[in-house]
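Report on the following structure.
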Amino acid sequence: MKKSRKSPKKQLSKKIGMPPGSLVYVGNMDADVSKMPKPTVTMMAYAADDVTEKVLSTEDLATFKISNYADAGKKVWLNIHGVHDAALIKQIGDLFHLHPLVQEDILNTEQRPKVDEFKDYIFLEVLSFQYDKADMTMDSEQVSFVLGHDYLLTFQERSTGIFEPVRGRIRATRAHICELGVDYLAYALLDSLVDRYFSVLEDVGDASDALEEKLLAKPTNAELHVIHHLKHVSVELRRAVWPLREVMNNLTRNESEFFKPTTLPYLRDVYDHTVNFIESLESIRDSLSGMMDIYMASVSQRVNLELRALTVVTMLFMPATLIAGIFGMNFHQMPWLADKDGFWWAMGLMGSIAAIMIIIFWRRQWLSSKS
């Protein structure tokens, strides 16, 4: 098994003492922000029979008006890759009148999944995961949503391609998704994220099943490390999905009415998937806890067998040691001491006692490694 990578540390201490709404990127403290890829803003404006897709520059954002597309009956999706550029986040925040705390949360990549409702939009934060089956490690990425009446903004830490299937559906004009509003687009993206959760869960489940077979055969220290890796992955998944269940539950209530009644059944379906995921994850967590018990019991059993083997050997030599000690005492008159066959009589007695003890151990199955 390869050596696992450490999870990136977050620069949470950078915000100590700053006022609320301070735009400071909280990300991987080991990464040099100046060397990170330049953020990109991709726009998709679509209607039932027309799709416009382009990468927006800073100058394009300066003259961007959502009303130009809304008046033409188009829905607008802006996807931002890279949230380390605070100036860009502020420019987009000013353009869509986002609350300073929303902009701060977008830059803080250590948020838990949540939903905040405002007058003109709702703000969502969820997590996406990428699982490395070779290293048994998992990288997380924060994905932020801002859903308005005519637009949807998504913010990703990096380009991972998690939304590419949805883009493909939009590019196929006259697709069902193009005929519906941005609320359905938000659902489609959330559904895509939850589907990726199940992909990770499947990989973790396969690794758990393979690990259980190894533990039942012959557990080693390598399996113990794998158990710890998988338990860490399950904890990360649980930390992301438990709050997401509450987020989806709030969205299905639709108190803010940003989701149309026709979209609510789809949201409830995502909520059901989330609950199903949590139940499956808890089953894997219980299985991993049981594997730890299996490992400890196997190690204890192996130690007991080794101690029993040493005990048997010790007991076999104890009579011989006793007899040798008796004949080693400084007495002038002792049985067999003057006999020319005394040595062989003593050795025979030792061997006979040892043979009798072996028979007794064998009948009690002390000599079997499986007992």
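Some notes on this structure:
- Against the list (1) more than 21 Å from Asp203 (Cβ to Cβ); (2) among the hydrophobic types (A, V, I, L, M, F, W, C); (3) touching a Gly at 6+ places or on another chain (Cβ under 7 Å), the condition Ile326 fails is (3).
To keep it simple, each residue is scored yes or no on (1) within 30 Å of the chain's Cα centre (by Cα); (2) outside the structural domain of Phe198 (by TED's automatic domain parsing); (3) not polar (S, T, N, Q).
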position: Met248; (1), (2), (3): yes, no, yes
position: Phe258; (1), (2), (3): no, no, yes
position: Pro265; (1), (2), (3): yes, no, yes
position: Phe277; (1), (2), (3): yes, no, yes
position: Asp286; (1), (2), (3): yes, no, yes
position: Ala320; (1), (2), (3): no, yes, yes
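- Residue in the range 360-368 that is of a type in the set (Phe, Trp, Tyr), farther than 30 Å from Leu224 by Cα, in contact (Cβ under 8 Å) with a residue 40 or more places away in the chain and surrounded by 12 or more Cβ atoms within 10 Å (Cβ to Cβ) present: yes
- Subset of the range 328-343 (residues that are of a type outside the set (Asp, Glu) and assigned to a loop (DSSP other than H, G, I, E, B)): Gly328, Met329, Asn330, Phe331, His332, Gln333, Met334, Pro335, Trp336, Leu337, Ala338, Lys340
- If you go through the range 72-98 and keep only what is surrounded by 15 or more Cβ atoms within 10 Å (Cβ to Cβ) and free of Cβ contacts under 8 Å to residues at least 40 places away in the same chain, you end up with Lys74, Gln91, Gly93, Leu95.
- Single unsatisfied condition, Asp116 versus (1) surrounded by fewer than 17 Cβ atoms within 10 Å (Cβ to Cβ); (2) modelled with pLDDT of 85 or more; (3) not in a strand (DSSP E or B): (3)
- Helices (runs of 4 or more DSSP H) completely within the range 130-230 that count 2 or more residues being surrounded by 15 or more Cβ atoms within 10 Å (Cβ to Cβ) and aromatic (Phe, Trp, Tyr): 182-217
- Matching residues, the range 119-129, being touching a residue at least 24 places away in the same chain (Cβ under 8 Å) and assigned to a loop (DSSP other than H, G, I, E, B): Asp120, Tyr121
- Residue selected from the range 231-259 under the condition part of a helix (DSSP H, G or I) and hydroxyl-bearing (Ser, Thr, Tyr), by the criterion surrounded by the fewest Cβ atoms within 10 Å (Cβ to Cβ): Thr252
- Glu59 assigned to a strand (DSSP E or B), at pLDDT 70 or above, assigned by TED's automatic domain parsing to the domain that holds Arg167 and surrounded by fewer than 14 Cβ atoms within 10 Å (Cβ to Cβ): no
- Restricting Gly290, Gly325, Gly348 to residues that are in the same structural domain as Glu223 (by TED's automatic domain parsing) and not in a loop (DSSP other than H, G, I, E, B) narrows the list to Gly290.
- Any chance Leu316 is in a helix (DSSP H, G or I), surrounded by 12 or more Cβ atoms within 10 Å (Cβ to Cβ) and outside the structural domain of Ala354 (by TED's automatic domain parsing): no
The values are calculated or read from the model by the stated rules, or taken from the named source; none is laboratory data. Just so you know, these numbers come straight off a predicted model, no measurement behind them. So basically every Cβ, Gly included, is an ideal-geometry build from the backbone, and we count neighbours across all protein chains shown.
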